[in-house]
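Heads up: the structure comes next, in structure tokens.
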Amino acid sequence: MKRIEISDGATPDHSCVMGQAAVNHPTEHRRLLIVALIFFIALGVRLLNWQGSHNEVSAVQTKVALNYKHLAALIRANGLSSLYEASSPTSDPDLLGHPPGYPILLSFIYRVAPDSDTATQLLQMGLDSLSVVIIVLIAFELFPAAVGVIAGLLAALAPQFSWNSILLLPDSIAALPILLAVLLITRTRRRTNAPIDRSSLVSILAAGALIGVSCWLRANSLLLAPFLALSFLFIRKRGARLRPALILVCGALLTIGPLTIRNMIVYGKFIPVSLGAGQTLIEGIADYNTDGSLGLPQTDMELIHGEAETSHRPDYANSLFTPDGIERDRARLARGFAVIRAHPIWFMGVMARRAASMLRLERTPLRLAATGSASWQRLFQWPLRLVQKLFITAIFLPLTLIGAATLVYRRQFQTLAIVLVVPCYYFFTQSALHTEYRYVLVIHYFLFVLDAVAIYSIACKVLRKFTKPLVPLIHD
């Protein structure tokens with residue numbers, strides 16, 4: 001059969017080829033149009049979801065959200081420099097449970113719109129829509145343009161992203177710098193077999209710095225830079241791996257370093273980002289010790305009351321980190337590690353089960369098509385609500401597995417490594433700790449890319465079946 005390639009220019013792409021050499025890139029004008037349309041679709045979906053659900057936000061992680069707002073108010077009142085002053089109220093150990101990046105962002109928002117949750121939500125929805133655009137650009141680098149469009153539409157329509165983007169928490173915006181970092185690394189892949197040039201090294205350094213920015217928002221990505229550095233084993237030739245890997249880690253250290261130095265100055269202890277690892281470790285173990293045989297607390301209140309009782313310190317029952325927060329959190333870590341050493345096989349099973357749970361799509365509120373909406377809004381809300389009901393694990397998990405299997409079958413191991421490196425990081429690290437869906441939100445951007453690969457491959461098979469007499473197709 002004669003092979004004919006139809007480009008992605010003026011005519012549709014019927015080649016259905018996944019290989020990098022066969023990726024057809026749209027022109028810059030068409031690419032700009034595509035990403036702009038997807039951005040506005042994503043933003044529109046988030047605005048519609050916000051209209052129906054924003055009143056429910058105050059009931060989600062209320063104490064944590066108030067903690068962020070409190071620190072934001074202190075930063076606004078005392079200035080950013082107060083973060084480096086041990087005597088400042090911004091250095092209260094009770095505020096050390098989370099990195100200060102989100103309160104810093106809130107303090108700037110409140111300068112323009114004082115104490116406005118709406119302004120915060122609008123900014124977060126915009127940044128989350130930008131994250132959708134970034135995953136499209138990553139997919140454009142690796143696959144035919146159609147895969148990028150499908151992945152972008154999935155991320156734009158997903159109710160899980162829409163819901164988390166309006167919560168007064170940093171989880172959704174913490175994904176953006178990670179996605180940007182992966183995009184920069186992916187673009188250096190074009191020069192896999194070429195010497196490491198200056199532009200590639202600058203891109204890799206910037207990627208590391210972006211990972212550090214994410215750590216200022218959420219500490220979960222603390223070890224992501226060295227984990228990503230390992231991906232160079234798959235995407236760069238031998239002899240051109242060590243240098244970019246070290247530069248990536250250095251980039252992350254440059255942006256995380258000021259936070260670590262601040263903690264050293266203020267608290268006199270080595271705290272890379274924030275406290276809380278011990279708390280999430282033992283509570284995470286307790287999540288799966290359903291019979292309570294290990295005697296570990298499942299909630300913060302159980303934890304602090306237990307510490308107050310065993311230490312004969314009634315004041316411990318008032319807070320997770322005051323007094324002696326650093327010592328208490330390190331004792332929690334030691335307690336958790338002792339359980340792991342005593343039950344290593346069982347704990348490995350816990351990690352496997354928790355990692356598998358990360359593949360589930362969160363059940364989120366669908367408050368569209370409100371009776372008070374205008375008729376033109378209901379025109380969009382009802383179809384959107386029907387589509388969003390399809391975003392369930394029973395549908396998307398099989399698509400994810402099919403997409404991964406497709407890349408394995410086509411021996412596109414480098415591409416698969418790029419798509420899965422961030423999810424694998426969270427599978428390996430976050431599975432050891434107490435986990436909520438919002439902690440691992442970023443992995444679903446990449447899983448949607450695999451879903452798009454599956455949808456595209458299935459569509460190509462259908463297209464091949466019905467157009468074969470008319471259009472000879474390229475086969476791998």
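The values are calculated or read from the model by the stated rules, or taken from the named source; none is laboratory data. Just so it is clear, the structure is predicted and the values come from calculations on it, not from any experiment. Using ideal geometry, Cβ is built from the backbone for each residue, glycine included, and neighbour counts are taken over all protein chains shown. Ligands, DNA and RNA are excluded from the accessible area calculation, which covers all protein heavy atoms including side chains. Shrake-Rupley method; radii C 1.70, N 1.55, O 1.52, S 1.80 Å.
Some notes on this structure:
- Taking 20 Å as the cut-off, the amide N atoms of the range 129-147 that come nearer than this to a point 7 Å along the Cα-to-beta-carbon line of His29 belong to 145-146.
- Taking packing as the residue-averaged number of other Cβ atoms within 10 angstrom, the listed peptides 421-432, 163-174 run from highest to lowest as 163-174, 421-432.
- Which of Met264, Met348 is most accessible, then next, and so on - probe 1.4 Å: Met348, Met264
- What you get for the range 247-310, charging only the Cβ of Lys and Arg (+1) and of Asp and Glu (-1), is a dipole of about 580 debye around the Cα centre.
- Size of charge dipole - the range 41-187 - debye, nearest 20, with Cβ of Lys, Arg +1 and Asp, Glu -1, no other charges: 220
- Projecting the Cα atoms of Trp216, Val60, His98 onto the dipole axis of the chain, where Lys and Arg carry +1 and Asp and Glu carry -1 at the beta carbon, places Trp216 farthest toward the positive end.
- The Tyr288 and Asn318 beta-carbon pair, evaluated with R₀ = 25 Å, returns a calculated FRET efficiency of approximately 0.30.
- Packing order of peptides 308-319, 31-42, highest average first: 31-42, 308-319 (average count of other Cβ atoms within 10 Å over each peptide's residues).
- Shape call, the range 141-213: gyration tensor on alpha carbons, a/c limit 1.5: oblate
- Reach of Lys69 by Cα under 13 Å, taken over aspartates and glutamates that are not fewer than 8 positions away in the same chain: Asp115, Asp117
- Estimated FRET transfer efficiency (Leu401, Thr467; beta-carbon r; R0 41 Å; 0.05): 0.90
- Compared with the dominant Cα axis of the chain, that is its longest principal axis, helix 198-217 is turned about 50°.
- Dividing the helix sum by the residues of the chain, where each DSSP H run of 4 or more adds -39500 (n - 2.57), gives a mean residue ellipticity at 222 nm of -21500 deg cm²/dmol.
- Three-way shape label, the range 270-414, alpha-carbon gyration tensor, a/c 1.5: oblate
- Rounded to the nearest 20 debye, the dipole size of the chain about its Cα centre is 2040 debye, using +1 on the Cβ of Lys and Arg and -1 on the Cβ of Asp and Glu.
- Alpha carbon Rg of the chain, scaled by the compact-globule rule 2.2 N^0.38 Å: 1.04
- Hits among aspartates and glutamates - C-alpha to C-alpha of Lys389 under 13 Å, sequence gap 8 or more where chains match: Glu362
- 3J(HN,Hα) along the range 129-143, derived from phi through the Karplus expression 6.51 cos²θ - 1.76 cosθ + 1.60 where θ = phi - 60°, amounts to 5, 5, 4, 4, 4, 5, 5, 5, 5, 4, 5, 4, 6, 10, 9 Hz, with x in place of Gly and Pro.
- Protein accessible area in the chain, 1.4 Å probe - carbon and sulfur %: 66
- Most tightly packed first, judged by the mean number of other beta-carbon atoms within 10 Å of their residues, the peptides 325-337, 141-153 read 141-153, 325-337.
- With every protein chain in place and a 1.4 angstrom probe, the accessible-area ranking of His434, His444, largest first, reads His434, His444.
- On Cα atoms only, tilt of 443-467 relative to the major axis of the chain in degrees: 20
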